[in-house]
Amino acid sequence: MDAVSTFAPTLLRRAAWVWPLVLALAFTCAFGTWLQWSDAQEAEDARHTLIADALTLNSRISDWLDSENAEVRRLAQALPAAVDEAGLLRESRLAAGLHRLWLSATALDAHNRILAHVPDQAPQPVVLPQHRSIDERGLSAHLAAPTAGGGKLVVQFDPGALLRQTVPWWLGRKYDVRLVDGLGEVIAATGNALAPAGRQSYRVSLEPEMADTYLELTTREASLPWWRRLPLALMAAFLLLSGAASWMLRRQMREVAAAETRWRTEAAWRRAIEDSLTVGLRGRDAEGRLVHVNRAFCDLVGFTPEQLLGRMPPMPYWPGDAVAESMQRHRRNMAGHAPRDGYEARWVRSDGTPIDVMIFEAPLVDAQGRQTGWMGSIVDIGARKQAEERERRRAEVLATHSRLTTLGEVASALAHQLNQPLAAIAGYGGGVLRSLERAGYADAIVLDALRGLGEQAAEAGRIVQRIRAFLTRRAPQRETCALPAIVERALGLLRRDLQRQGIGVETALAPGLPAVFADPVLVEQVLINLLRNAADALAGHPAPQIRIAAARAGERFLRVDVDDNGPGLGGLGVEVLAAPFHSTKPEGMGMGLAICRSVVEAHHGALEAGTSALGGARFSFTLPFSLATAATEET
Ligand code: ADP
């Protein structure tokens with residue numbers, strides 16, 4: 001996969017936190033637009049209602065003014081030409097008018113001179129054609145009509161009262177109703193005389209009933225009540241919260257991404273470590289299903305992970321002829337009874353090759369600490385087994401060599417023992433021959449026989465000498481060697497036998513022992529002999545124990561002690577014990593200690609026997625330090 005194609009999805013995933021915010025923004029915009037539109041719609045509706053209400057009220061006022069005008073006209077027509085105040089007051093229409101809303105009535109003659117004015121007070125200056133003037137009660141308006149006598153009747157009325165009487169209560173609650181002139185000056189008003197800003201208002205002319213006068217309706221409530229702004233505030237809060245939530249989401253996502261990266265790194269590490277292992281790893285769940293295998297395991301059994309993962313027993317690497325046994329072991333392991341020190345098993349590779357493995361089982365636990373299965377580590381012990389086999393063969397060869405050496409030693413001893421009798425026979429034969437010859441004994445047959453006897457004895461002696469010379473020809477191959485290594489090798493060869501007998505072996509080699517100048521093979525043989533003897537003596541002992549110690553003995557020698565806690569030597573000295581053919585064992589040849597002594601002495605050391613601090617026998621021998629060591633130590 002190339003960089004670009006992986007980069008895009010990664011970027012998308014990384015920017016995922018922004019989507020809720022974008023959606024919230026889009027939603028808020030849509031909602032805001034809809035709100036705006038619906039407000040505009042509502043304002044439009046409100047305006048239509050306002051206009052309708054204004055027109056309705058206008059027509060009502062016009063009707064009212066019409067009827068008042070008609071009343072004034074009727075009153076004016078009914079007035080006599082020379083009317084006085086008493087006459088005017090007698091008019092019932094005037095009383096009714098004053099009762100309704102007229103403030104005063106003034107009768108003028110044809111020359112606009114006041115004939116009468118009721119109620120009795122100074123007539124207001126009449127300014128026509130505005131039909132209104134200002135008295136102490138505020139602005140007033142006038143209605144005028146010609147009288148029958150050619151004069152004029154002017155009725156002053158209170159526009160405020162006009163409004164009070166004409167504006168229905170429900171309209172008064174909805175609107176501030178004002179009468180204003182062309183300059184916008186308020187003549188009368190219900191509610192607020194001044195319209196607050198931001199309110200809808202509509203003005204309609206009262207012409208022709210009232211010239212230059214307008215009826216103005218202003219909504220009392222703001223066109224949009226305060227709570228209608230609430231959704232916007234809520235949306236703003238929603239946006240803010242969405243922003244905060246997105247920010248938190250982004251932080252969370254970053255943390256998750258960081259954790260994921262850490263986890264991936266760790267997984268890669270673990271995988272690399274697992275792959276670098278030479279130990280096979282095999283994870284199984286509680287039912288025994290294979291859930292994990294590493295590379296070493298696959299290499300070991302020759303199957304691919306795909307062929308192995310998910311498999312339930314019997315496993316493909318179990319030997320076909322031991323499935324029942326393998327199954328039994330599997331059940332034991334699943335029950336948690338696998339040996340803690342591991343167990344050996346024989347598997348079969350995919351190509352049919354058998355493999356010897358050592359398996360260690362450990363519980364597999366999850367993050368909560370619950371056991372979910374078992375993790376097995378598998379070591380191929382084929383090489384180890386081969387090494388063990390090689391070691392065993394080597395031990396056998398050594399044992400054969402040892403036997404041959406023993407035989408050689410026996411032969412050498414025999415030769416040594418036979419040499420003297422043979423020499424004696426030859427000597428006696430020669431003596432007898434010489435005596436018979438001196439005595440004049442002339443039987444040629446006897447003399448020849450005696451001569452032949454002497455020759456044969458001498459020949460036998462020479463043969464024995466040659467054999468002895470041959471057997472003892474091998475001089476020790478001495479070299480500088482470390483004693484601990486020799487002890488280690490000897491113990492290694494005998495380890496199985498010692499373990500079988502349950503003998504505890506302790507080595508106490510003093511630190512910094514100098515190297516010895518000896519034939520390591522022969523010294524090893526000496527040690528093996530002494531250890532074998534000790535093991536033989538310990539047969540049947542309840543707590544058999546052997547201790548090998550080595551330390552300096554004087555300036556030039558190193559001393560090795562082999563102690564046991566067996567029956568001991570019964571007071572016998574090394575001379576008796578190491579004599580050829582001395583043995584207390586039914587199968588014993590009695591040559592072991594003899595050989596040991598000759599080897600040790602060949603190295604200029606000495607073999608000793610005594611009582612051990614452990615309670616049994618102690619055999620000790622000394623070996624010289626190597627010359628190099630001695631030289632170094634001297635300087
Ligand atoms: P073999 O082992 O064939 O008997 P050896 O020369 O090795 O011949 O031993 C001679 C005898 O010395 C043994 O038969 C045994 O009686 C005695 N002997 C040797 N080592 C010990 C020992 N550690 N404890 C008791 N007796 C021993």
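The values are calculated or read from the model by the stated rules, or taken from the named source; none is laboratory data. All figures in this text were calculated on a predicted structure; none of them were measured in a lab. Glycine also receives a Cβ, built like all others from the backbone with ideal geometry; neighbour counts cover every protein chain displayed. For the accessible areas, the whole protein counts, side chains as well, though only heavy atoms, and no ligand, DNA or RNA atoms are used. Shrake-Rupley method; radii C 1.70, N 1.55, O 1.52, S 1.80 Å.
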Quiz item: Where the centre of each part is set by its Cα atoms, how far does segment 186-216 sit from segment 305-353, in angstrom?
Solution: 105 Å
Quiz item: By its C-alpha gyration tensor, with a ≥ b ≥ c as the square roots of the eigenvalues, how is segment 271-375 shaped: rounded for a/c under 1.5, else prolate for a/b larger than b/c, else oblate?
Solution: oblate
Self-check item: Where labels lie 7 Å past Cα in the beta-carbon direction, separation of Glu391 and Arg289 in nm
Solution: 4.3 nm
Quiz item: Reachable aspartates and glutamates from Lys385, Cα under 12 Å, same-chain residues fewer than 8 places away excluded?
Solution: Glu344, Asp356
Self-check item: Normalised contact order of the chain, rounded percent, pairs of Cα under 8 Å and 6 or more residues apart
Solution: 7 percent
Self-check item: C-alpha long axis of helix 18-78 to longest principal axis of the chain, angle in °
Solution: 10 degrees
Quiz item: To the nearest 0.05, how large is the calculated FRET efficiency for Asp443 and Ala399 if R₀ is 60 Å and r is the Cβ-Cβ distance?
Solution: 0.60
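What is the antiparallel percent of DSSP beta bridges lying wholly in the chain, to the nearest 5?
Details: 83 of 89 bridges.
Of all bridge pairs located within the chain, approximately 95 percent are antiparallel.
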Quiz item: Rounded, prolate or oblate: which fits the chain when a ≥ b ≥ c are the square roots of the eigenvalues of the alpha-carbon gyration tensor, with rounded for a/c under 1.5 and prolate only if a/b beats b/c?
Solution: prolate
Practice problem: Using a 1.4 Å probe over the heavy atoms of the protein chains, calculate the carbon and sulfur portion of the accessible area of segment 1-99 as a whole percent. | Solution: 65 percent
Quiz item: Using alpha-carbon positions, what is the distance between the centroids of segment 489-518 and segment 403-441, in Å?
Solution: 44 Å
Quiz prompt | Inter-label distance, nm, simple model (7 Å from Cα along the C-beta direction), Gln328/Arg100 | solution = 12.8 nm
Exercise. Among Ala24, Ala54, Gln36, pick out the residue whose Cα is farthest towards the positive end of the charge dipole of segment 13-62, where Lys and Arg carry +1 and Asp and Glu carry -1 on C-beta, about the Cα centre.
Key: Ala24
Quiz item: At a Förster radius of 60 Å, what calculated FRET efficiency corresponds to the Cβ-Cβ distance of Arg93 and Ala52, to the nearest 0.05?
Solution: 0.95
Quiz item: Hey, what angle do you get for helix 382-438 against the long axis of the chain, alpha-carbon based, 0 to 90 degrees rounded to 10?
Solution: 10 degrees
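Arg254 to Asp366: FRET efficiency via 1/(1 + (r/R0)^6), r the Cβ-Cβ distance, R0 22 Å, to the nearest 0.05?
Values: r = 27 Å, r/R0 = 1.22.
According to the calculation, E is roughly 0.25.
Sum -39500 (n - 2.57) across every DSSP H segment of at least 4 residues in the chain, then divide by the residue count to get the 222 nm mean residue ellipticity, nearest 500. Please report the intermediate quantities before stating the final value.
On the way: 17 runs with 317 residues, N = 635.
Counting only the DSSP helices, I get -17000 deg cm²/dmol.
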Quiz item: Between segment 218-279 and segment 368-400, what is the C-alpha centre distance in whole Å?
Solution: 57 Å
Exercise. Subtracting the Cα-Cα distance from 0.36 nm times the residue separation, let me have the gained length for Gln477 to Ala70 in nm, one decimal.
Key: 130.2 nm
Quiz item: Near Lys585, which aspartates and glutamates are there with a Cα under 15 Å away, not counting those fewer than 8 places off in the same chain?
Solution: Asp536
Practice problem: Can you give me the P(r) profile for segment 202-335? Cα pairs, bins 10 angstrom wide beginning at 0, each as a whole percent. | Solution: 9, 18, 14, 10, 9, 8, 7, 6, 5, 5, 5, 3, 0
Quiz prompt | With at most 14 other Cβ atoms within 10 Å, longest stretch of the chain clear of loop chymotrypsin sites (Phe, Trp or Tyr not before Pro) (DSSP) | solution = 1-440
Quiz prompt | For segment 514-575, with +1 on Lys and Arg beta carbons and -1 on Asp and Glu, the positive-most of Gly568, Leu558, Pro520 along the dipole | solution = Leu558
Self-check item: Cβ charges +1 (Lys, Arg) and -1 (Asp, Glu), total dipole of segment 191-318, debye
Solution: 640 debye
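Please give the charge dipole size of the chain, origin at the Cα centre, charges +1 on K and R Cβ atoms and -1 on D and E Cβ atoms. Round to the nearest 20 debye.
1760 debye
So how strong a dipole does segment 406-560 carry about its Cα centre when Lys and Arg Cβ are +1 and Asp and Glu Cβ are -1, to the nearest 20 debye? Please report the intermediate quantities before stating the final value.
Details: 18 positive and 14 negative charges, 74 e Å.
Dipole about the Cα centre, nearest 20: 360 debye.
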Quiz item: If you take the charge dipole of segment 160-300 about its Cα centre, with +1 on Lys and Arg Cβ and -1 on Asp and Glu Cβ, which of Leu217, Leu239, Ile187 is farthest toward its positive end?
Solution: Leu239
Quiz item: Relative to the longest principal Cα axis of the chain, at what angle does helix 230-276 sit, 0 to 90 degrees, rounded to 10?
Solution: 10 degrees
